[in-house]
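Presented below is the structure to which this report refers.
Please treat every number below as a calculation from the coordinates, not as lab data. Since the model is a prediction, treat every value here as computed from it, not as a measurement. Cβ atoms come from the backbone with ideal geometry, glycine included; neighbour counts cover every protein chain shown.
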Amino acid sequence: MGKLKGIKMQVALKKWGNSVGLRIPNSILRELGIGCGNKLEIKVENGKAVMEPIDDKKDRLVELLKAIKPDNLHGEAITGVAMGNEII
């Protein structure tokens with residue numbers, strides 16, 4: 001990453017159903033390490049649209065952790081014989 005820093009590209013907003021779509025050039029997608037299907041966070045800062053990739057892995061982990069409840073926790077599991085000074 002970093003090769004395209006400071007480079008500006010003009011893109012056109014296009015009608016897409018009832019919404020408006022923005023085509024992002026492949027060179028920028030590659031630079032960001034994202035592609036079709038990835039999510040972006042869009043926010044307005046000082047009158048400008050700022051887009052940042054969302055780390056889906058982090059979001060999935062947060063959702064998985066939220067799903068842990070006392071009723072779906074399992075007890076301790078012994079997964080093999082003692083290898084050292086473990087007390088079983």
Legend entry - Average Cα contact separation per residue, the chain, under 8 Å, 6 or more apart, as relative contact order %: 15 percent
Inset, instruction - Could you state the orientation-averaged shadow area of the convex hull built on the Cα atoms of the chain, in nm² to one decimal? - result: 12.8 nm²
Legend entry - Most positive-pole-ward Cα, MET51, ALA12, ALA77, against dipole of the chain from beta carbon charges: ALA12
Inset, instruction - Starting with the fewest neighbours, write out ASP55, ASP71 ranked by other beta-carbon atoms found within 10 Å of each beta-carbon. - result: ASP71, ASP55
Legend entry - Set LYS15/LYS66; LYS14/LYS66; LYS8/LYS58; LYS39/LYS66 screened for pairs whose C-alpha atoms are more than 31 Å apart: LYS15/LYS66; LYS14/LYS66
Inset, instruction - Run the dipole for the chain about the Cα centre, Lys and Arg Cβ at +1, Asp and Glu Cβ at -1, nothing else charged, and hand back the magnitude in debye, nearest 20. - result: 880 debye
Legend entry - GNM top mover of GLU63, GLU41, GLU76 - the chain, alpha-carbon springs below 10 Å: GLU76
Inset, instruction - Return one number: the angle in degrees, 0 to 90 and rounded to the nearest 10, between the long axis of the Cα atoms of helix 56-66 and the longest principal axis of the Cα atoms of the chain. - result: 40 degrees
Inset, instruction - Given the options VAL11, VAL20, VAL62, state which has the largest fluctuation in a GNM of the chain using a 10 Å cut-off (strictly under) for Cα springs. - result: VAL20
